[in-house]
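A.B. asks: Got a structure for you, questions after.
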2 protein chains.
Amino acid sequence: MSKVTIKDIAKIAGISRGTVDRVINNRGNVEKELEQKIMRIATELGYEKNLMASNLASKKIFKVAAIISDPTTDLFWNFPYQGIQKALKVVKHYGVEVEYFHFPDYDNHAFSIQMENALMSNPDGIILAPLYTREAEMFLDTAVSKNIPVITINTEIHHPGVLSYIGQHSYFAGYLAGRLLHLRLEPKDDVVALNFGHKVNNANHYADKIEGIKGYFAEHNLVDNNVHWYEFEDFQNKAAIISFFKDLQLRHPKMKALFFTNSRAYKLLDLLDYETCKALYIVGFDMIEPNIAHLKKGKMDFIINQNPLQQGYQGLMSFVDHSILQQEIKSKHYLPLDIVLKENVDFYNN
Amino acid sequence: MSKVTIKDIAKIAGISRGTVDRVINNRGNVEKELEQKIMRIATELGYEKNLMASNLASKKIFKVAAIISDPTTDLFWNFPYQGIQKALKVVKHYGVEVEYFHFPDYDNHAFSIQMENALMSNPDGIILAPLYTREAEMFLDTAVSKNIPVITINTEIHHPGVLSYIGQHSYFAGYLAGRLLHLRLEPKDDVVALNFGHKVNNANHYADKIEGIKGYFAEHNLVDNNVHWYEFEDFQNKAAIISFFKDLQLRHPKMKALFFTNSRAYKLLDLLDYETCKALYIVGFDMIEPNIAHLKKGKMDFIINQNPLQQGYQGLMSFVDHSILQQEIKSKHYLPLDIVLKENVDFYNN
DNA sequence: AAATGGAATGTGCGCGAGCCCAAACTTTTG
DNA sequence: CAAAAGTTTGGGCTCGCGCACATTCCATTT
């Protein structure tokens with residue numbers, strides 16, 4: 001904690017506090033030479049603004065808009081939400097406030113509307129889960145023009161308006177899944193990859209994961225192990241799921257492993273008995289309750305955890321680093337891909 | 001961010017700020033009835049102290065003494081150090097300062113001395129890596145008497161003076177290792193568990209890990225797989241390590257897996273060629289550089305990561321939660337036991 | 001040379017709480 | 001009963017900075 005104040009600088013420079021203030025916060029109206037002199041003195045003395053005093057005086061509120069999926073429509077989103085709340089406890093004293101703009105995860109229109117609403121709230125920063133690529137990109141264009149820092153979480157999209165991305169690396173998530181499948185796969189065993197999701201969701205990280213698996217298989221010459229990919233939209237309909245699965249069994253008699261591209265493994269596993277599951281080798285994502293239950297019962301073998309709580313926590317912390325503490329932040333912050341099995345699952349609950 | 005101030009309370013109570021201040025910070029010298037009235041009003045209004053203003057006025061410094069092993073004597077300790085530094089960046093504006101009391105990890109005497117020194121610095125809180133149980137317990141007794149909150153990391157000891165423990169659960173770390181070994185072990189294969197460490201280090205978490213492995217093997221009826229445990233102190237002596245290993249090979253012809261109880265797997269692997277390693281199934285702890293290198297080369301199969309960075313980060317954050325934000329903190333915070341292999345190792349570097 | 005105006009610089013107040021001393025009030029003491 | 005001592009309460013000053021307004025300076029213009 002440096003104890004240099006603007007008064008110290010003013011005294012040394014032989015001028016008043018006001019001018020130093022103008023320089024420090026570059027409010028202009030200061031002679032160039034003086035400005036440089038003051039800056040020099042400030043850096044020489046190692047001046048650091050006293051955040052407490054600054055915030056107290058200005059009463060500045062940093063409004064953060066969090067545009068994330070509604071935790072009630074998809075359990076998964078409870079984690080990022082909790083992460084943001086956890087970070088908030090620490091940083092709210094810096095004047096940070098968070099307003100949530102939730103949307104049902106299957107509704108791209110609501111997504112767009114909430115992005116609009118978020119912008120209208122005139123935030124100082126945005127935490128965005130860009131589930132719909134096209135809509136998000138349009139939004140980012142205007143965010144850029146308004147000079148609002150946007151931090152994306154969970155889903156990576158490539159757009160210059162993104163200040164920082166925090167989340168998994170989709171390709172390597174699939175690659176890791178490939179590795180885990182490889183642990184048990186025999187030659188000629190087939191893998192079926194399932195994407196239980198809404199077509200309207202045009203994000204392509206599901207495809208990236210599949211690519212990751214295939215990449216792993218190719219690199220390790222698992223040429224006899226085919227990977228079949230299916231998308232299935234009607235995952236709320238139990239009867240439909242069952243007949244879909246029966247069909248899979250018929251179509252792929254050598255099916256030995258199931259890979260789920262997202263957190264919805266439980267939608268199928270809920271409907272299968274223990275023996276059927278045990279005969280398969282099952283890998284999926286995300287530690288939501290129903291998946292954990294299947295893991296513990298032994299119906300599921302591996303869960304790959306993408307640290308969703310950390311996505312929220314880091315998301316808000318990165319905003320603080322950037323906009324309040326003025327620190328450099330990484331443009332890509334790939335979170336660890338945790339391998340979770342029955343024996344360590346309990347330690348991932350915090 | 002509540003906007004109720006001490007002035008608001010004073011106005012409603014019909015008295016002056018000074019008295020409210022006395023009540024809020026219970027400095028005494030206030031009539032009981034008035035005190036209760038003020039407290040009632042404060043809670044009714046949901047008063048929350050403005051940390052920025054409080055800190056600015058009091059200029060209180062929260063001194064934290066971090067008693068951890070010297071990163072230069074054991075690479076591992078660089079992680080908790082970095083974690084503390086990372087947390088410090090965020091909370092230093094609350095007036096938090098950290099002073100380090102390092103000790104060589106093999107020197108229990110230096111450990112005791114540094115604990116003494118830490119106490120003499122009159123800290124407001126202590127982050128302690130209690131590598132030596134007996135010495136740490138004596139220290140905790142006096143810390144308790146001085147009413148200084150102590151947060152332990154990395155090594156769990158059971159003492160009422162510990163406010164919170166942050167780190168792994170040793171037994172389940174071993175249990176998890178058992179699971180990982182099980183993935184590849186054939187019946188009759190033997191496991192050799194190695195503890196490369198200093199005898200003087202009387203912490204018993206190494207033993208806990210071995211118990212964990214044995215526990216897993218017992219629960220899964222792996223009666224044909226023996227686990228042999230060796231302690232080896234002379235691990236800085238390459239020749240000694242080699243002859244020790246040769247001896248192991250002779251003594252245990254069915255040795256198929258090596259388990260290291262700590263981060264020193266590399267001390268042996270450095271000296272073995274690729275084929276020898278590949279013929280064995282090798283599990284160890286901690287993502288220090290030399291271990292990572294062996295993992296990437298394929299000489300090591302699994303690393304169990306105990307989140308040492310998080311130990312430091314959470315350690316300091318917990319102090320802040322407890323002593324500054326006045327929040328309840330958990331007395332046990334078991335960190336995840338990450339399963340790290342070649343395919344996900346790169347995402348654990350932050 | 002005086003007046004004008006814009007740029008550059010100085011200064012006072014306030015943010016909310018901590019802290020100290022003065023003031024008011026109460027009780028004890030000689 | 002007055003003085004002294006103790007208890008309780010009031011309010012001013014301060015922390016470092018932001019901000020609005022006042023003041024000074026200097027170059028034009030008339």
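A.B. asks: Given points 7 Å out from each Cα along the Cα-Cβ axis, report the B:Lys59 to A:Asp21 separation in nanometres with one decimal.
C.D. replies: 2.1 nm
A.B. asks: For the residue pair A:Lys11 and B:Ser121, what label-to-label distance in nm results when each label sits 7 Å from Cα along the Cα-to-beta-carbon direction?
C.D. replies: Between A:Lys11 and B:Ser121, the simple spin-label model gives 2.9 nm.
A.B. asks: Put a label point 7 Å from Cα along the Cβ direction on B:Lys254, then list its distances to the equivalent points in the other copies in nm, shortest first.
C.D. replies: 3.6
A.B. asks: Taking R0 as 45 Å, what's the FRET efficiency between B:Glu211 and B:Lys296 from their Cβ-Cβ distance, rounded to 0.05?
C.D. replies: After rounding to 0.05, the efficiency reads 0.90.
A.B. asks: Moving on to the next point. Other chains near B:333-346: what is the mean number of their Cβ atoms within 10 Å of each residue's Cβ?
C.D. replies: That average works out to 6.
A.B. asks: Taking each residue of B:47-59 in turn, how many C-beta atoms of other protein chains fall within 10 Å of its C-beta, and what is the average?
C.D. replies: Mean shielding by partner chains, rounded to a whole number: 4.
A.B. asks: Once you have a ≥ b ≥ c as the square roots of the Cα gyration tensor eigenvalues for the protein assembly as shown, tell me rounded if a/c is under 1.5, and otherwise prolate or oblate according to whether a/b is larger than b/c.
C.D. replies: Note, shape of the protein assembly as shown comes out oblate.
A.B. asks: Another question, then. Let's see if you can work this out: charge +1 on each Lys and Arg Cβ, -1 on each Asp and Glu Cβ, no other charges. What is the dipole magnitude of the protein assembly as shown about its Cα centre, in debye to the nearest 20?
C.D. replies: I would put it at about 1460 debye.
A.B. asks: Does the range A:6-49 classify as rounded, prolate or oblate by the C-alpha gyration tensor (a ≥ b ≥ c root eigenvalues; a/c under 1.5 gives rounded; else a/b over b/c gives prolate, otherwise oblate)?
C.D. replies: Rounded shape, in that the Cα axes give a/c under 1.5.
A.B. asks: Another question, if that's okay. To the nearest 500 deg cm²/dmol, what mean residue ellipticity at 222 nm is calculated for the protein assembly as shown from DSSP H runs of n ≥ 4 alone, each contributing -39,500 (n - 2.57), summed and divided by the residues?
C.D. replies: -13000 deg cm²/dmol
A.B. asks: With θ taken as phi - 60° and the coefficients 6.51, -1.76 and 1.60, list the Karplus ³J(HN,Hα) couplings across the range B:146-157 in order, rounded to whole Hz; mark glycine and proline as x.
C.D. replies: 8, 6, 9, x, 10, 10, 9, 10, 6, 10, 8, 10
A.B. asks: Which one, A:Ile15, A:Leu34, A:Gly46, is farthest towards the positive end of the dipole of the range A:6-49 when Lys and Arg carry +1 and Asp and Glu -1 on their Cβ?
C.D. replies: A:Ile15
A.B. asks: Rounded to whole Å, give me the distance from the Cα center of the range A:317-333 to that of the range B:180-228.
C.D. replies: Taking the Cα centre of each part, the range A:317-333 and the range B:180-228 sit 43 Å apart.
A.B. asks: Mind giving me the nanometre distance, one decimal, between the label points for A:Asn29 and B:Thr43, set 7 Å out from Cα along Cα→Cβ?
C.D. replies: 5.0 nm
A.B. asks: In nm to one decimal, list the spacings between the B:Arg134 label point and its equivalents in the other copies, with label points set 7 Å along Cα to Cβ, shortest first.
C.D. replies: List, nearest first: 7.3 nm.
A.B. asks: Angle, helix B:238-251 long axis vs. longest principal axis of chain B, Cα atoms, 0 to 90°, nearest 10?
C.D. replies: Approximately 60 degrees, to the nearest 10.
A.B. asks: While we're here: Please state the charge dipole magnitude for the range B:6-49, taken about the Cα centre, from unit charges on C-beta atoms (+1 on K and R, -1 on D and E), reported in debye and rounded to the nearest 20.
C.D. replies: My answer is approximately 120 debye.
A.B. asks: If you average the alpha carbon positions of the range B:76-103 and of the range B:250-309, how far apart do those two centres end up, in angstrom?
C.D. replies: Comparing the Cα centres of the range B:76-103 and the range B:250-309, I get a distance of 30 Å.
A.B. asks: Given a cut-off of under 8 Å on Cα pairs at least six residues apart, what relative contact order in percent is computed for chain A?
C.D. replies: 16 percent
A.B. asks: Report ³J(HN,Hα) in whole Hz for each residue of the range B:215-227, in order, from the Karplus equation J = 6.51 cos²θ - 1.76 cosθ + 1.60 where θ = phi - 60°; Gly and Pro get x.
C.D. replies: x, 4, 4, 5, 4, 9, 6, 8, 5, 8, 9, 7, 10
A.B. asks: Next question, about the same structure. Would you kindly work out, in nm and rounded to one decimal, the distances from the label point of B:Arg27 to those of the same position in each other copy, ordered shortest first, with label points 7 Å along Cα-to-Cβ?
C.D. replies: 3.3
A.B. asks: What is the mean number of Cβ atoms from other protein chains located within 10 Å of the Cβ atom of each residue in peptide B:314-323, rounded to a whole number?
C.D. replies: Rounded to a whole number, the mean comes out at 1.
A.B. asks: Please report the spacing between the Cα centers of the range A:1-34 and the range B:229-248 in Å, no decimals.
C.D. replies: 64 Å
A.B. asks: Next question. Please give the helix A:108-120 orientation as an angle from the longest Cα principal axis of chain A, in degrees from 0 to 90, rounded to the nearest 10.
C.D. replies: The helix A:108-120 is inclined about 10 degrees to chain A.
A.B. asks: Pull out a ≥ b ≥ c, the square roots of the eigenvalues of the alpha-carbon gyration tensor of the range B:29-171, then state rounded if a/c is under 1.5, prolate if not and a/b is larger than b/c, and oblate in the remaining case.
C.D. replies: Values: a/c = 2.39, a/b = 1.91, b/c = 1.25.
In terms of gyration-tensor shape, prolate.
A.B. asks: Moving on. Specify the angular offset, from 0 to 90 degrees and rounded to the nearest 10, of the alpha carbon long axis of helix A:170-182 from the longest principal axis of the alpha carbons in chain A.
C.D. replies: For helix A:170-182, the angle is close to 40 degrees.
A.B. asks: Towards the positive end of the charge dipole of the protein assembly as shown, with charges on Cβ (+1 Lys, Arg; -1 Asp, Glu), say which of B:Val345, B:Thr5, B:Leu181 has the farthest Cα.
C.D. replies: B:Thr5
A.B. asks: Considering amide H positions built from the backbone, and no H for Pro or chain starts, which residues 5 or more places from A:Ile153, or on another chain, come under 5 Å of its amide H?
C.D. replies: Those lying under 5 Å, H to H, from A:Ile153 are A:Leu128, A:Ala129, A:Ile166.
A.B. asks: Here's another thing I want to ask about it. Determine the dipole magnitude for the range A:189-288: charges of +1 sit on the beta-carbon of Lys and Arg, -1 on that of Asp and Glu, nothing else is charged, the reference point is the Cα centre, and the result goes in debye to the nearest 20.
C.D. replies: Dipole about the Cα centre, nearest 20: 160 debye.
A.B. asks: For the range B:79-92, in order, what is each residue's ³J(HN,Hα) by Karplus, 6.51 cos²θ - 1.76 cosθ + 1.60 with θ = phi - 60°, in whole Hz (x at glycine and Pro)?
C.D. replies: 5, x, 4, 4, x, 5, 4, 5, 5, 4, 4, 7, 9, 5
A.B. asks: Order the peptides A:220-226, B:97-103, A:317-323 from the highest to the lowest mean number of other Cβ atoms within 10 Å of their residues.
C.D. replies: Descending packing order for the listed peptides: A:317-323, B:97-103, A:220-226.
Values quoted throughout were computed directly from the atomic coordinates according to the rules given, and no laboratory measurement underlies them. In this text the structure is predicted, and so the values were computed from the model without any measurement. Because the Cβ atoms are built from the backbone with ideal geometry, glycine has one as well, and the counts that use them run over all protein chains shown.
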